[in-house]
Amino acid sequence: MGYRLYVFDLDETLWCADLQEICPFHGPFQLSGRHLACCDTATVRLRRGTRKLMRSIHRTGGICSLACRADESVCSELLDIFGIRDLFFHPRYGLMEKGDAILEVLAEIRTSLGIDIRSEEVLFIDDAPANTREARRIGATTLLYGRDIRNLGELQSLVMRSFKNA
C-alpha cells in the first residue's frame with residue numbers, strides 16, 4: 001500500500017537545535033546559509049534533503065504535514081526562514097498526542113480538500129519511541145528517525161518505492 005499522508009516531527013527529525021541555554025529557544029532568527037538559522041540562544045540546522053524529500057512526496061501526489069510539540073510561532077518562523085512553510089498542510093503544534101494530531105490533520109484534509117485518507121495510509125516519522133507508539137495506536141505506519149531510517153535520503157528512497165508499488 002502506498003502512503004498518501006506523511007506526517008513529520010520537527011525537533012531532531014527534520015531539524016536539529018544546538019541550544020546555548022536549557023530554556024526553549026525563540027527568535028528572531030537569522031538565516032545563515034541554506035540550512036542554518038541562528039538566534040541569541042540557539043542554532044537550528046535543517047536536515048539536508050528536507051526540501052528534496054518534500055518535493056518528491058508532492059510529485060507523487062502525497063500530502064505532507066507536521067505534528068510537533070514545539071511552540072507554533074517559533075516553528076512557523078523557522079519554516080518561513082527555511083522557505084518550506086507552504087509545503088505542510090494543516091500542521092499541528094503543542095502538547096497534543098501525536099495520534100490525535102494526525103486524526104485532526106486527516107479531518108482537515110477531508111473537510112478542506114474533500115479527500116478521504118485512512119489512518120493506514122499515513123506514514124509518521126519521529127525521533128521519539130513514545131510518539132511513534134502513539135501514532136501506531138490510531139493505525140498509522142511509523143518510522144523512528146535514527147533507528148528505522150538514518151537519514152532523509154533513505155526516507156526518500158522509501159517514498160519512491162512506495163509510489164512505484166502503488
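Looking at Ala70 and the list (1) modelled with pLDDT under 95; (2) in a helix (DSSP H, G or I), which single condition is not satisfied?
With respect to (1) modelled with pLDDT under 95; (2) in a helix (DSSP H, G or I), Ala70 is out only on (2).
Please find, within segment 47-67, the residue that is surrounded by the fewest Cβ atoms within 10 Å (Cβ to Cβ) out of those that are of a type in the set (Lys, Arg) and in a loop (DSSP other than H, G, I, E, B). First the steps, then the outcome.
The initial filter retains those residues of segment 47-67 that are of a type in the set (Lys, Arg), namely 47-48, 51-52, 55, 59.
After this cut, where a residue has to be in a loop (DSSP other than H, G, I, E, B) as well, the list is 47-48.
Values: Arg47: 17, Arg48: 13.
Restricting to residues being of a type in the set (Lys, Arg) and in a loop (DSSP other than H, G, I, E, B), the top hit is Arg48.
Cβ-Cβ under 7 Å, sequence separation 6+ or interchain: first residue in segment 133-162 and farther than 14 Å from Tyr6 by Cα and in contact (Cβ under 8 Å) with a residue 12 or more places away in the chain, partner among the β-branched types (Val, Ile, Thr) and not in a strand (DSSP E or B). Which pairs?
Filtered contacts from segment 133-162: Ile138/Ile102.
Each row is one residue, and each column tells you yes or no for (1) of a type in the set (Lys, Arg); (2) under 14 Å from Val7 (Cα atoms).
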site: Gly33; (1), (2): no, no
site: Lys52; (1), (2): yes, no
site: Arg59; (1), (2): yes, no
site: Leu78; (1), (2): no, no
site: Phe89; (1), (2): no, yes
site: Tyr93; (1), (2): no, yes
site: Thr111; (1), (2): no, no
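With segment 73-166 as the region, which helices (runs of 4 or more DSSP H) entirely inside it contain at least 2 residues that are polar (S, T, N, Q), in contact with a strand residue (DSSP E or B) (Cβ under 9 Å, 6 or more places away or on another chain) and modelled with pLDDT of 95 or more?
Because the criterion is at least 2 residues that are polar (S, T, N, Q), in contact with a strand residue (DSSP E or B) (Cβ under 9 Å, 6 or more places away or on another chain) and modelled with pLDDT of 95 or more, the helices (runs of 4 or more DSSP H) in segment 73-166 that meet it are 129-137.
Tally the residues that are within 22 Å of Arg55 (Cβ to Cβ), surrounded by fewer than 18 Cβ atoms within 10 Å (Cβ to Cβ) and β-branched (Val, Ile, Thr), restricting the search to segment 88-116.
Adding up the residues that qualify gives 1.
The values are calculated or read from the model by the stated rules, or taken from the named source; none is laboratory data. All figures in this text were calculated on a predicted structure; none of them were measured in a lab. Cβ atoms come from the backbone with ideal geometry, glycine included; neighbour counts cover every protein chain shown.
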